[in-house]
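The values are calculated or read from the model by the stated rules, or taken from the named source; none is laboratory data. Bear in mind that the values here come from a model prediction, so they are computed numbers and not experimental data. Here the Cβ positions follow ideal geometry from the backbone for every residue, glycine too, while neighbour counts run over all protein chains shown.
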Amino acid sequence: MTSTRPRPGADPGTDVFDAALKEFFAGRRAEAKAISPAYAGAVAELESYVLRGGKRVRPTFAWLGWLGAGGRPEDPGAPAVLRTCAALELLHASALIHDDVIDAAPTRRGAPAAHVMFADRHRAQCLSGDADLYGTGAAILIGDLAQGWADDMIRTGGLPAPAQQRISPVWSALRTEVLCGQLLDLSAEAGAAEDIETPLLVDHYKTASYTVERPLHIGAAIAGADDELIAAYRAFGLDIGIAFQLRDDLLGVFGAPDTTGKPSGGDLIQGKRTVLFAAALQYADERDPDAAKFLRTRIGTDLSLEELATMRAIITDVGAVAHVERDITARTDRALAALENSSAGDYAKQRLRAMAVSATQRTS
């Protein structure tokens, strides 16, 4: 097994986070087998899901938040920090599994989504009842399990009691905010929200909070950072997190399935009320009412390839893509300025700058 102690230098690498996750799952296997083969099989699928791909962005932000606030990789407590950071990946898995159920998304990271995988297993084993209903129920339950185990991993990670006390309210806020964001997203789609402010609020709580802002806050809290650095981290994290989601919105419409791991134009087919779509409606209402009507009537439907191409052309031609690109640039610049003016250590600043660019300019 790969050691959970960070390698020489400041960056632990994804393999060290994966080692911490594998160690955690190993401690759960005997317990699962003792309960039942069906439960053990579900736990094995969850482990495979968590460890299958992923850039470990959230644990890395938490680790860098700790480093920037004075943490050192050679500290005896560094492995406990790594385990705590790795717990964010379990929470992330929970959010992805539930999100795919909510969206009825068929794939995730280039493989069947969890609910699809469980439904396929039901059919392959010729089990009784409705396969899709079984798949949905099983996915909801292992998503819940992932969130519960994230709590366990935080609690048993080995942090000293004062650090545990400091991160407890931050962890609670993170869990609440991501669920709030999911509900806001669902409500925005159901209400056919057309204003730009609503999807920005969703982006704050569904993405920015648990992707960048709160992971940095957790790392800073472990290290006992002062309020000024925490505020700078959160300002950086909010803007980079929203910019990250804005890039994801563009990829959800224009990204290639072989690089995004998601269906082409999936956000339009699923009826996602993103900032990109809201901007497209706003500009189309002003410049091309017929195009605006087409967007409103076709969003959230089973689009043909021709209709999908038409929607993409409208979104581009009315200026919505340029609008989102400008917002990404402005938020990235503002975030980098907040980081530069903070008291974070030089190495953490360097790595956070690089991650900000990577997160906002990515193609997958």
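Restricting attention to the stretch 257-269, the residues that are surrounded by fewer than 17 Cβ atoms within 10 Å (Cβ to Cβ) and in a helix (DSSP H, G or I) add up to 3.
Before we move on, is Gly219 more than 30 Å from Asn341 (Cα to Cα) and either buried (at least 20 other Cβ atoms within 10 Å of the Cβ) or among the small types (Gly, Ala, Ser) (or both)?
The answer is no for Gly219.
Take the residues in the stretch 227-253 that are free of Cβ contacts under 8 Å to residues at least 60 places away in the same chain and more than 18 Å from the chain's Cα centre (by Cα), then tell me which one is farthest from Pro106 (Cα to Cα). Ranking the qualifying residues of the stretch 227-253, first place goes to Asp227. With respect to (1) surrounded by fewer than 18 Cβ atoms within 10 Å (Cβ to Cβ); (2) under 23 Å from Pro263 (Cβ atoms); (3) more than 20 Å from the chain's Cα centre (by Cα), the lone exception for Pro106 is condition (3).
Return the residues of the stretch 340-362 that are of a type in the set (D, E, K, R) and over 15 Å from Thr60 (Cβ atoms); say none if nothing qualifies.
Applying the first criterion (of a type in the set (D, E, K, R)) to the stretch 340-362 yields 340, 346, 349, 351, 353, 362.
Across the stretch 340-362, the qualifying residues are Glu340, Asp346.
Every residue, every condition in (1) in contact with a Phe, Trp or Tyr (Cβ under 8 Å, 6 or more places away or on another chain); (2) over 21 Å from Val178 (Cβ atoms), yes or no:
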{"position": "Gly13", "(1), (2)": "no, yes"}
{"position": "Gly65", "(1), (2)": "yes, no"}
{"position": "Gly68", "(1), (2)": "yes, yes"}
{"position": "His92", "(1), (2)": "yes, no"}
{"position": "Asp99", "(1), (2)": "no, no"}
{"position": "Ala114", "(1), (2)": "yes, no"}
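Mind checking whether some residue in the stretch 114-122 is crowded, with 23+ Cβ neighbours inside 10 Å and among the aliphatic types (A, V, I, L, M)? The answer is yes, given that some residue of the stretch 114-122 is crowded, with 23+ Cβ neighbours inside 10 Å and among the aliphatic types (A, V, I, L, M). Looking only at the stretch 152-165, residues that are in a helix (DSSP H, G or I) and crowded, with 19+ Cβ neighbours inside 10 Å come to 3 in all. When the residues of the stretch 174-199 are narrowed to those that are in contact (Cβ under 8 Å) with a residue 24 or more places away in the chain, in a helix (DSSP H, G or I) and of a type in the set (Val, Ile, Thr), which ends up surrounded by the most Cβ atoms within 10 Å (Cβ to Cβ)? Out of the qualifying residues, it is Val178. Of the residues Phe277, Phe294, only one is aromatic (Phe, Trp, Tyr), outside any loop (DSSP other than H, G, I, E, B), assigned by TED's automatic domain parsing to the domain that holds His217 and within 26 Å of Tyr205 (Cα to Cα); which? Answer to the check: Phe277. Take the conditions more than 29 Å from the chain's Cα centre (by Cα), crowded, with 21+ Cβ neighbours inside 10 Å, part of a helix (DSSP H, G or I) and not aromatic (Phe, Trp, Tyr) and apply them to Ala284. Does it pass? Answer is yes for this residue. Filtering the stretch 11-34 to residues that are buried (at least 16 other Cβ atoms within 10 Å of the Cβ) and among the basic types (Lys, Arg) leaves Lys22, Arg28. From the list Trp171, Trp149, the one residue that fits, being modelled with pLDDT of 95 or more, more than 16 Å from Arg52 (Cβ to Cβ), surrounded by 20 or more Cβ atoms within 10 Å (Cβ to Cβ) and assigned by TED's automatic domain parsing to the domain that holds Ala188, is Trp171.
Among the residues of this structure, Val50 counts as one that is closer than 22 Å to Thr259 by Cα and in a helix (DSSP H, G or I).
Let's see how each residue does on (1) part of a helix (DSSP H, G or I); (2) more than 17 Å from Leu184 (Cα to Cα); (3) modelled with pLDDT under 95; (4) not assigned by TED's automatic domain parsing to the domain that holds Asp267:
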site: Leu201; (1), (2), (3), (4): yes, no, no, no
site: His204; (1), (2), (3), (4): yes, no, no, no
site: Ala208; (1), (2), (3), (4): yes, no, no, no
site: Pro215; (1), (2), (3), (4): yes, yes, no, no
site: Ala221; (1), (2), (3), (4): yes, yes, no, no
site: Ala225; (1), (2), (3), (4): no, yes, no, no
site: Arg234; (1), (2), (3), (4): yes, yes, no, no
site: Gly237; (1), (2), (3), (4): yes, yes, no, no
site: Ile242; (1), (2), (3), (4): yes, no, no, no
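Applying the condition of being over 14 Å from the mean Cα position of the chain (by Cα) and within 30 Å of Ala348 (Cβ to Cβ) to the stretch 35-62 and asking which residue is surrounded by the most Cβ atoms within 10 Å (Cβ to Cβ) yields Leu51. Take the residues in the stretch 310-364 that are surrounded by 17 or more Cβ atoms within 10 Å (Cβ to Cβ) and of a type in the set (Val, Ile, Thr); name whichever of them is nearest to Gly54 (Cα to Cα). The qualifying residue nearest to Gly54 (Cα to Cα) is Thr360.
For the stretch 96-113, does any single residue satisfy the condition of being touching a Ser or Thr at 6+ places or on another chain (Cβ under 9 Å) and assigned to a helix (DSSP H, G or I)? Yes - at least one qualifying residue is present in the stretch 96-113.
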